[in-house]
1. So for the range 2-146, averaging the separation of alpha carbon pairs under 8 Å that are six or more residues apart and normalising by length, what relative contact order in percent results?
2. Considering the zone a paramagnetic label at V20 would reach in this model (a point 7 Å from Cα along the Cα-to-Cβ line), which residues of the range 80-112 have amide N under 16 Å from it?
3. What does the charge count around R2 come to, taking other residues whose C-beta lies under 13 Å from its C-beta (Lys +1, Arg +1, Asp -1, Glu -1)?
4. What label, among (1) 43, 29, 27; (2) 36, 33, 31; (3) 47, 28, 28, belongs to Cα extents along the principal axes in Å computed from the structure on display?
5. With 10 angstrom as the radius, rank V40, V75 by how many other C-beta atoms surround their C-beta, starting from the fewest.
6. Could you work out the local net charge near N99, counting Lys and Arg as +1, Asp and Glu as -1, over the other residues with Cβ closer than 10 Å to its Cβ?
7. What list of ³J(HN,Hα) couplings, whole Hz, do you get for the range 73-84 from phi and the Karplus terms 6.51, -1.76, 1.60, once you set θ to phi - 60° and write x for glycine and proline?
8. What ranking do Y60, Y47, Y42 get, fewest neighbouring Cβ atoms within 10 angstrom at the top?
Amino acid sequence: MRIAIASDHAALALKSALVVHLQEGGHDVADLGPYDEASVDYPDFGYKLAASVAAGDADYGVALCGSGIGISIAVNRNPACRAALVSEPLSAKLAREHNDANVIAMGARLTAIDMAKACLDPFLPTPFAGDRHVRRVGKLSNPDFAKDPV
């Protein structure tokens, strides 16, 4: 798979560890930065990651910042992206299965490297279940679709 990964300065070590983990798993990884510990703004890297996924340059994205919250908000500004903030493997799996998430987000200050790997491992291979979830996922990218909620 082609995986794009980006972080802010707070998640640089986690990003580096996950790049190696992904490459060892046979994935083609595009590291979108940053590349040193100089302070950066997570929205810039979230938008860059979202653009890569939306353009089809990457099959999935990995978004990281101190808490995972800010960068996931930035990624989700792009209607082609569904970023799920996770902290354990079951939510990572369900994000793919039920929500067709194409970006996994995690917080380096909240999620240890081994747990981040344990979240990433079920996220990537889990297929979207489709069926009853299709309508719901459609509403995520198209609020007009949901004008008359049931």
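1. Numbers: 296 pairs, mean separation 33.4, N = 145.
The value is 23 percent.
2. 112
3. Details: positive: none; negative: D28, D31, D57, D59.
Neighbour charge sum, excluding R2 itself: -4.
4. Entry (3).
5. Values: V40 18, V75 31.
The fewest-first ordering by Cβ neighbours comes to V40, V75.
6. Numbers: positive: R82, R96, R136; negative: E97, D100.
Spelling it out: positives minus negatives among the neighbours equals +1.
7. 5, 4, 4, 6, 5, 8, x, 7, 10, 10, 8, 10
8. On the way: Y60 20, Y47 17, Y42 27.
In order of increasing Cβ crowding within 10 Å: Y47, Y60, Y42.
Every read-out reported here was derived from the displayed coordinates using simple, explicitly stated rules and does not represent laboratory data. Given the structure is predicted, the values throughout are model-derived calculations rather than measurements. For neighbour counting, all protein chains shown are included, and Cβ atoms are generated from backbone atoms with ideal geometry for every residue, glycine included.
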